[in-house]
Amino acid sequence: MRDFRFGFNVFDIASGGDFAERCRRGERYGYDVALVPDHLGAPAPFPTMVAAADATERLRVGTLVLNAGFWNAHLLAREAATADRLTGGRVELGIGAGHMKWEFDAAGVPWEPFGARVERMTRTIEELGALFGGDGYAEHRPVAEYFGLAELAPVQRSGFGGAGPPLLVGGTGDTVLRAAARYADTVGIAGAYQVRGEPPGTFRLGTAAEAAERVRFVREHAGDRADGIEWNVLVQHVQVTPDRRAEAERIRAERMPYMTAEEILDTPFVLLGTEAQIAAQIRERRERFGFSYVTVHAPFLDVLGPVIERV
């Protein structure tokens, strides 16, 4: 059974000093990874990751997750290798297929069917592995040497088949999770499901039964790799409360109409209760689902922080 790791997502930067203190506070709580999503209107992933590493002693940094549709593999390889070197080998690279249509529209990137977006993601992962593990742009080396350029490779050689930093792939659909089973060191079981019949971006939380089925699905497709996979859960809501059921009823009424209170209490994507109860839920969900890498959104950094030492 894997040891626990804890991460927090970063959605905003008020100032450089404020951001550095937030990362240091996370490190003091016992968080292991500072993570940056890849959304328009949010901080750019790679400079934010480097700043988080600079502000802390041991905090690893990563993306949760990059939108593969936004990236050219060659330019992404350069960003990732640079960040890995600047952070002393603390980068973890999370990649997904993208799911917010409005972002594609705003960025002028064609919105493709899900299968095509996953195919693009898979191709990007394969190209990154080749770029990380190859001999660079050998055919252009004389020109590069003339200008004093050197090949840039990541420090880490654990992910991408031993060629680059650790790779996380996350999602809910069969196609993306098949890719995760084949390539990823860490598989993220996403908690947000598109509501059928509603516009893209209308989500509901996954249930405990759905999470368990998704883990089984990945394990079946991972074959011999299954026991080596780390399992990540992105928790969508954390609340310390003496009355778990009353809080679940409130959340259902205000934010999660597609779920029952019992489903909210049982889903691995929500943590409710006293600090001791939340710690027990985290341990139980590692036993039940395999989730040893627990990530929360930035607003819950200080809510979960005191619980970490209990786990």
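Each reported figure results from applying straightforward, stated rules to the coordinates on display, with no laboratory input. Fair warning: this is a prediction, and the values are worked out from it, not measured in the lab. Here Cβ is always computed from backbone atoms with ideal geometry, including for glycine, and neighbour counts include all displayed protein chains.
Of note:
- Each residue in Arg2, Arg117 was given a count of other beta-carbon atoms within 10 angstrom of its own, and listing them fewest first yields Arg2, Arg117.
- Each of Leu93, Leu177 was scored by other Cβ atoms within 10 Å of its Cβ. Arranged with the fewest first, they read Leu177, Leu93.
- The C-alpha atoms of the chain define a longest principal axis, and helix 73-86 lies at about 80 degrees to it.
- About the Cα centre, charge dipole magnitude for the range 187-311 (Lys/Arg +1, Asp/Glu -1 at Cβ), debye: 140
- Loop-located trypsin sites (Lys or Arg not before Pro) in the range 150-257 (DSSP state not H, G, I, E or B) with no more than 13 neighbouring Cβ atoms inside 10 Å: Arg196, Arg255.
- Fewest neighbouring Cβ atoms within 10 Å first, the residues Trp111, Trp71, Trp102 line up as Trp102, Trp111, Trp71.
- Across all Cα pairs in the chain, the calculated P(r) in 20 Å bins from zero up to the longest distance comes to 32, 59, 8, 0 percent per bin.
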